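The values are calculated or read from the model by the stated rules, or taken from the named source; none is laboratory data. All figures in this text were calculated on a predicted structure; none of them were measured in a lab. Glycine also receives a Cβ, built like all others from the backbone with ideal geometry; neighbour counts cover every protein chain displayed. Keep in mind that these areas ignore ligands, DNA and RNA; they rest on the heavy atoms of the full protein, side chains included. Shrake-Rupley method; radii C 1.70, N 1.55, O 1.52, S 1.80 Å.
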Amino acid sequence: MKKRILTGDRPTGPLHLGHYFGALKDRVALQDEYDTFVIIADVQALTDNFNDPKKVRDNVYQVTMDNLAVGIDPEKSTIFIQSMIPQIAELTIFYANLVTIARLQRNPTVKEEIAQKKELFKESVTYGFLGYPISQAADITVFGAHLVPVGEDQLPQIEQTREIVRKFNHIYGAILVEPEPKIGEVPRLKGLDGSAKMSKSLNNTIDLGDEPETISKKVMKAITDPAKVRLNDAGHPEVCCVFYYHKLFSKDVCTGISEECKKGDRGCVQCKKELAKNIIEYLTPIRERRRYYEARPKEVEEILRVGTRRAYEAAAITLQQVKEKMFLDY
Ligand code: ATP
Ligand code: MG
C-alpha cells in the first residue's frame, strides 16, 4: 500500500504563484509515489467567509480547476469537497477536547491572520476561526496522511496536528498516523507589492489562470528598488521584487540581469517586460489546461463527485476505528 498525502486549498479565490511554488508543484510531483487526497476546504473557508457562502461555493470549482490545470490527475489523485465528509466534522469535535484555548491562541499563523482580519472579527475572534487548526488536524488524520505538502505558513498547523495525534494515541490507543510537513520549493513566495506573502486576501497575486495582458499589467505595477529612479541609476537587485521573481522565472539569465542592474545598464521597464514574458510563457500550458476545464463544467463536477465518494469511504474506515477506541461504537 502506498503512503498517503493530504494537501489542499481554501476555496476563497483562484490559486496563484504562491500556491504553485509553495505546495502545488510538490503535490503534482508526488502523486505517483503517494496516494494523494486533495481537499477543497470549504468548511475552513467559511471560518472567515461565513458571511459570503456564495463566494466559497463558486471558488470550489475555481480551485478544483486550478488543481487540474497544474497537473493533478484525477485518475491518480482524489479531489474532494471537505463539507461532504461529515467524519471530518465528527473528528473535529473529538479532537477539540485535546487542545487548550491557550494552545490555539499561541499559533503564530492564526495570530497573524486574526490581526489581518480585524474588520471581520472586531472585538473578538470566533470560536470557529480560532479552532480551524483542529479541523485541519481532522482533515489530515482522517485519511491517515503521512505527508502534507504545504507552504511555510502552515507549519504551526502541522505541529498542532502532531500534538493532537500524540495525545489521542496516548489516551485512546495508537491508531492515528503522525504526519510530516513537506515545504515547497519556495516556502513563502512574496507578493508583487513586496509584502511577505503572496496571498488571495492581499490582492498582490498572479493567478494561475490570468490572461497574458493581466500578467503584464500586474508585473508593470510590481515594486522595484526605490533607490533606482532613472534608467541609468545603479540598482540593488537584492531588494527588488522584480529581480526576486526573475530568480524563479529567468533562472538561466538572472546573474546577467543582476550585473546589468547594478551597473545601471538596465531600466526597470525593460526588466519588467522580460519578466512578464517569462511568467506568461511559464504559465501557458497551465492556462490552456484551465481553459479546457472552464469549458467543461460537467467534467469538473464529475471529478469532484467521484473523488468525494472515494474520500468518504476512506474517512469512514478511520472513524469506525476512532469510535471503537473511544467506546463510541454503539
Ligand atoms: P487565504 O488568504 O484565503 O488564506 P491563501 O492565499 O493563504 O488564501 P490557502 O488556500 O490558505 O491560500 O493556502 C493553500 C496552500 O498554499 C497552503 O499550503 C499555503 O501554505 C500555500 N501558500 C499560500 N500562499 C503561499 C505563498 N505565498 N507562498 C508559499 N505557499 C503559499
Ligand atoms: Mg491561507
Here are 211, 185: which of them is open to solvent by 40 Å² or more (accessible area, probe 1.4 Å) and within 11 Å of ligand 1 (Cβ to nearest atom)?
185
Unique residue being more than 25 Å from residue 321 (Cβ to Cβ) and without any contact (Cβ under 8 Å) to a residue 24 or more places away in the chain when the list is 197, 217, 182
217
Filter region 21-51 down to the residues that are more than 12 Å from ligand 1 (Cβ to nearest atom) and more than 21 Å from residue 179 (Cβ to Cβ), then identify the one that is surrounded by the most Cβ atoms within 10 Å (Cβ to Cβ).
50
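With the requirement that a residue be open to solvent by 70 Å² or more (accessible area, probe 1.4 Å) and at pLDDT 95 or above, what does region 270-280 give you? Spell out the reasoning first.
Narrowing region 270-280 to residues open to solvent by 70 Å² or more (accessible area, probe 1.4 Å): 270, 273, 277.
Of everything in region 270-280, those that are open to solvent by 70 Å² or more (accessible area, probe 1.4 Å) and at pLDDT 95 or above turn out to be 273, 277.
Of all the residues that make up region 226-242, how many are touching a residue at least 40 places away in the same chain (Cβ under 8 Å) and away from ligand 1 (no atom under 16 Å from the Cβ)?
Applying the first criterion (touching a residue at least 40 places away in the same chain (Cβ under 8 Å)) to region 226-242 yields 228, 241.
Add one more test, that the residue is away from ligand 1 (no atom under 16 Å from the Cβ), and what stays is 228.
Number satisfying all stated conditions: 1.
Hey, among 139, 58, which residue is in the same structural domain as residue 160 (by TED's automatic domain parsing), assigned to a helix (DSSP H, G or I) and open to solvent by less than 20 Å² (accessible area, probe 1.4 Å)?
Values: 58 fails: open to solvent by less than 20 Å² (accessible area, probe 1.4 Å).
Going through 139, 58 in turn, the sole match is 139.
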Within region 144-164, how many residues are within 13 Å of ligand 1 (Cβ to nearest atom), part of a helix (DSSP H, G or I) and open to solvent by 10 Å² or more (accessible area, probe 1.4 Å)?
5
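Restricting attention to region 167-204, which residues are assigned to a strand (DSSP E or B) and within 16 Å of ligand 2 (Cβ to nearest atom)? Full working, then the answer.
Narrowing region 167-204 to residues assigned to a strand (DSSP E or B): 180-183.
Hits for region 167-204 are 181, 183.
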Given the structure, is residue 42 touching a residue at least 12 places away in the same chain (Cβ under 8 Å) and more than 21 Å from residue 292 (Cβ to Cβ)?
yes
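Taking residue 18, is it open to solvent by less than 10 Å² (accessible area, probe 1.4 Å) and assigned to a helix (DSSP H, G or I)? Break it down into steps so the answer makes sense when it comes.
Details: open to solvent by less than 10 Å² (accessible area, probe 1.4 Å): no; assigned to a helix (DSSP H, G or I): yes.
No; evaluated as a whole, the condition is false for this residue.
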Candidate set: region 113-135, residues that are open to solvent by 20 Å² or more (accessible area, probe 1.4 Å) and within 11 Å of ligand 1 (Cβ to nearest atom); chosen: the one nearest to the chain's Cα centre (by Cα)
113
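Identify, from the list 252, 193, the residue that is within 16 Å of ligand 1 (Cβ to nearest atom) and surrounded by fewer than 18 Cβ atoms within 10 Å (Cβ to Cβ). Let's see the steps before the verdict.
Details: 252 fails: within 16 Å of ligand 1 (Cβ to nearest atom).
Testing whether each residue is within 16 Å of ligand 1 (Cβ to nearest atom) and surrounded by fewer than 18 Cβ atoms within 10 Å (Cβ to Cβ) leaves just 193.
If we scan region 137-149, do we find a residue that is out of contact with any strand residue (DSSP E or B) (no Cβ under 8 Å at 6 or more places or on another chain) and among the charged types (D, E, K, R)? Don't jump to the end; show me each part of the working.
As a first pass, look at region 137-149 and keep what is out of contact with any strand residue (DSSP E or B) (no Cβ under 8 Å at 6 or more places or on another chain): 137-138, 141-142.
When the remaining residues are screened for being among the charged types (D, E, K, R), the result is none.
No - not one qualifying residue is present in region 137-149.
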